[in-house]
1. Would you call residue 142 of a type in the set (D, E, K, R) and over 26 Å from residue 27 (Cβ atoms)?
2. Go through the stretch 211-242 residue by residue and tally those that are at pLDDT below 90, assigned to a strand (DSSP E or B) and among the hydroxyl-bearing types (Ser, Thr, Tyr).
3. Out of the stretch 196-250, which residues are acidic (Asp, Glu), in contact (Cβ under 8 Å) with a residue 12 or more places away in the chain and loosely packed, with under 14 Cβ neighbours inside 10 Å?
4. Residue 102: of a type outside the set (A, V, I, L, M) and modelled with pLDDT under 85, yes or no?
5. Within the set of pairs 6+ apart or on separate chains, which have a first residue in the stretch 127-138 that is modelled with pLDDT under 95, a second that is among the basic types (Lys, Arg) and assigned to a strand (DSSP E or B), and C-beta atoms under 8 Å apart?
Amino acid sequence: MRLLYKLLTLIILFSMPKTFAQLELSHEFGITTGPVTMQTDYGERHHLPSSTATSFGIAAVHYLSFYGSNYNWRNGASYFSDHFKLKTEVSYYFNNSLEHKGRYVDDGSTNAELAELKAMHGKTKSINIGTALEYYFKNLEDYGLLFNDDDRFAPYVSAGLQFNMFTPELTSDLGDWTTNPSVLPAKWQDQVYVGKQNAFSMTMSAGTRYKFDNFDLVLDARWQYFFTDKYDGLDSKKDDSSKFNDTLIYFSVGVVIDMDTFARNY
């Protein structure tokens, strides 16, 4: 993980001096939305059908492009400006209905804490602020985002960092766990973390853009790793079943408008 951060830092540091010497910045704004699936202490790890599906997330995004202001056929533009965009995002993940799924609560389970597990219900909502560096496989000077209307797809991968402000909640059908912790499974009776919290997270994603005349359609699949195991409000230290940090997968679709194009047309 540290190696990834160092690599991204080196790419930026070595590319920026040459890049900014002959670049003009281009701004894009957009909005994206889509379903979120969380992998937490609710459900079974490594078993996505048992991870808890949530509602939707929504994000406002800004892209910074580094196009050459004095591009010519001899000098060209830098590799950084030809293949990278810097994305900044503010997003909100709606309340997530968390409940235990999988073999430990399935019909016929002999788990001694079956009733306590099935009675647990959680929610987590979060506001997220972050940035990511996107690498485009096609040359930004050539493909459809700029000049070539015959080649409209622009696939990319990205890596980034976010700051997350989240609020976990927990209820039990068996009663008030704050006054009677025994309604919860033993390992969580004194290991619940509800209320406002914050943490950093790492994001990795892959997607593509599709060029229309006045806007771009963006499809993105993101994996997000939180540097905490308390995103769902549960973090037991009593056994190995809760030793992994929480993660989520966010599939989104959105519309992005280039401000230069918008200004020319309107």
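The values are calculated or read from the model by the stated rules, or taken from the named source; none is laboratory data. All of these numbers come straight from a predicted model, not from anything done at the bench. We place every Cβ from the backbone using ideal geometry, glycine too, and count neighbours over all the protein chains shown.
1. Numbers: of a type in the set (D, E, K, R): yes; over 26 Å from residue 27 (Cβ atoms): no.
Spelling it out, it is not the case that residue 142 is of a type in the set (D, E, K, R) and over 26 Å from residue 27 (Cβ atoms).
2. The total comes to 0.
3. Restricting attention to the stretch 196-250, the residues satisfying the condition of being acidic (Asp, Glu) are 213, 216, 220, 229, 232, 235, 239-240, 246.
Filter again for in contact (Cβ under 8 Å) with a residue 12 or more places away in the chain, leaving 216, 220, 229, 232, 235, 239, 246.
Answer for the stretch 196-250, where residues must be acidic (Asp, Glu), in contact (Cβ under 8 Å) with a residue 12 or more places away in the chain and loosely packed, with under 14 Cβ neighbours inside 10 Å: just 239.
4. Values: of a type outside the set (A, V, I, L, M): yes; modelled with pLDDT under 85: yes.
For residue 102, the condition - of a type outside the set (A, V, I, L, M) and modelled with pLDDT under 85 - is met.
5. Pairs found: 136/85.
Every residue, every condition in (1) of a type outside the set (Asp, Glu); (2) in contact with an Asp or Glu (Cβ under 9 Å, 6 or more places away or on another chain), yes or no:
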{"residue": "188", "(1), (2)": "yes, yes"}
{"residue": "197", "(1), (2)": "yes, no"}
{"residue": "207", "(1), (2)": "yes, yes"}
{"residue": "211", "(1), (2)": "yes, yes"}
{"residue": "215", "(1), (2)": "yes, yes"}
{"residue": "219", "(1), (2)": "yes, no"}
{"residue": "227", "(1), (2)": "yes, no"}
{"residue": "235", "(1), (2)": "no, yes"}
{"residue": "251", "(1), (2)": "yes, yes"}
